[in-house]
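In what follows, a single structure is set out as structure tokens and then discussed.
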Amino acid sequence: MKRKLMSVMLCATMVASMLGSVAVKADEEVDYSGITLEIVSKGLQHQYWQAVLQGVNSKAEELGVTVNFVGPDSESDIQQQVTQLQSALDSNPSAIGLAALDTSSVEDLLTQAAEAGIPVIGFDSGVPDAPEGSVYATCATDNYAAGELAAEMVYEAIQETVVNAESSVRIGVVAQDATSESVVNRGLGFIDKIGELAEADGKTVGLASNSNEKYITDSAFEADDDADVIIEVLVPASVTSELSATDAGTLMDKEDTIAIYGSNEHSANAMITANENRGVLGTGEGQIIAAGFDSGASIKAAVADGTFLGAITQAPVAMGETLVELMVAAALGEEVEDVDTGCQWYTAENMDDEEIAQNLYD
């Protein structure tokens, strides 16, 4: 087994308690009106990003700062995002917020931001190899830990099947891409934790050899089609609902598949689409255990009716609010630090609880 190179933090369950570390609040004695913020997201097409935007707008209005929030038409359009980031730089804002689709694509522009003295705050995804001094802080879910949490919940539901299996079993991962830090780490956290738990039960674990190369290379396990537990990770050639639904269907159609996980809203929705004509997802005898990520109307419905065992929710509104606070603080020259905005596992049984419901967006 390859040595795991990243440290793991526990995924937070109480979001509000973590947001207190951001110091900027509305203050009648401080005039924020001259502060301009440029925010480049991964898109606007998913409900998740609309929820982030809601938080951004709420905090911007409270503080009286000017915000321009943009994102590419598709989360596979990396070049469009690069162009939008260039436009943000050209406007010489007080600060920039960035959720990078592809971390390597923005490195040159981050260097330009650092040289111009424009602070950049990451959100949703970090930029692990960012030029020194360019990204001041990041507010995001601890995505690796969130993937681990999903794995723990899924494994609890399939453990008996895994332990008693006389032949190999397969666990599918539907991943939107292999370039975004958030999506990749959610996948890796899930893979590594599933593998750890299965090994603890005396099973060998490997990734299917046809899995996306990024996940094979960066996970804690080697490719092995003869393992007791085979984890297969499929990534579409481009980010479209149709291609991701095809990937999900491919995994569902394999006779040895016992569980499947979608690592963001796009992927979870693709699983729902693929299941419409199959009806194989659920917790009944012989059905495939499914887990999603994020919420949105379709995912919440799938959790509520038992199609999904459950899903991970982030705190997108709080993330948007925290992003603005960090950007304003950085623009004012204050010291800022990373903020973990938290995650929670929700099921049909707890999704109406106040602590959970406040983070389930439509």
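The values are calculated or read from the model by the stated rules, or taken from the named source; none is laboratory data. Because the structure is predicted, anything quoted here is derived from the model rather than measured. We place every Cβ from the backbone using ideal geometry, glycine too, and count neighbours over all the protein chains shown. Protein only, heavy atoms only, side chains kept; ligands, DNA and RNA dropped before computing areas. Shrake-Rupley method; radii C 1.70, N 1.55, O 1.52, S 1.80 Å.
Summary of computed values
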| read-out | value |
| --- | --- |
| Residue check for G206: open to solvent by less than 20 Å² (accessible area, probe 1.4 Å), closer than 19 Å to A146 by Cα and either touching a residue at least 12 places away in the same chain (Cβ under 8 Å) or of a type in the set (A, V, I, L, M, F, W, C) (or both) | no |
| Filter result for the condition that a residue is part of a strand (DSSP E or B) and under 19 Å from the mean Cα position of the chain (by Cα), over I260, I289, I356, I272 | I260 |
| Neighbours by Cβ (under 7 Å, 6+ apart or cross-chain): first from segment 270-294, among the charged types (D, E, K, R); second in a loop (DSSP other than H, G, I, E, B) | D294/N264; D294/Q314 |
| Search result, residues across segment 35-47 that are open to solvent by 20 Å² or more (accessible area, probe 1.4 Å) and either of a type in the set (D, E) or modelled with pLDDT of 95 or more (or both) | T36, E38 |
| Lone unmet requirement of (1) in a loop (DSSP other than H, G, I, E, B); (2) more than 19 Å from P316 (Cα to Cα); (3) among the polar types (S, T, N, Q) for Q112 | (1) |
| Residue in segment 254-269 that is surrounded by fewer than 24 Cβ atoms within 10 Å (Cβ to Cβ) and under 28 Å from D77 (Cβ atoms) present | no |
| Which listed residue, of E334, E355, is modelled with pLDDT under 95, open to solvent by 10 Å² or more (accessible area, probe 1.4 Å) and acidic (D, E) | E355 |
| Unique match (being charged (D, E, K, R), more than 22 Å from D253 (Cα to Cα) and open to solvent by 30 Å² or more (accessible area, probe 1.4 Å)) among E160, E166, E132 | E132 |
| Odd one out for D362, checked against (1) surrounded by 15 or more Cβ atoms within 10 Å (Cβ to Cβ); (2) at pLDDT below 95 | (1) |
| Scan of segment 337-352 for residues that are β-branched (V, I, T) and surrounded by 19 or more Cβ atoms within 10 Å (Cβ to Cβ), ordered by number | V339, T341 |
| In segment 316-331, the residues that are open to solvent by 20 Å² or more (accessible area, probe 1.4 Å) and either within 20 Å of the chain's Cα centre (by Cα) or within 19 Å of D142 (Cβ to Cβ) (or both) | V317, E321 |
| Selected residue (criterion: modelled with the lowest pLDDT) from residues of segment 48-99 that are open to solvent by 20 Å² or more (accessible area, probe 1.4 Å), touching a Ser or Thr at 6+ places or on another chain (Cβ under 7 Å) and assigned to a loop (DSSP other than H, G, I, E, B) | S76 |
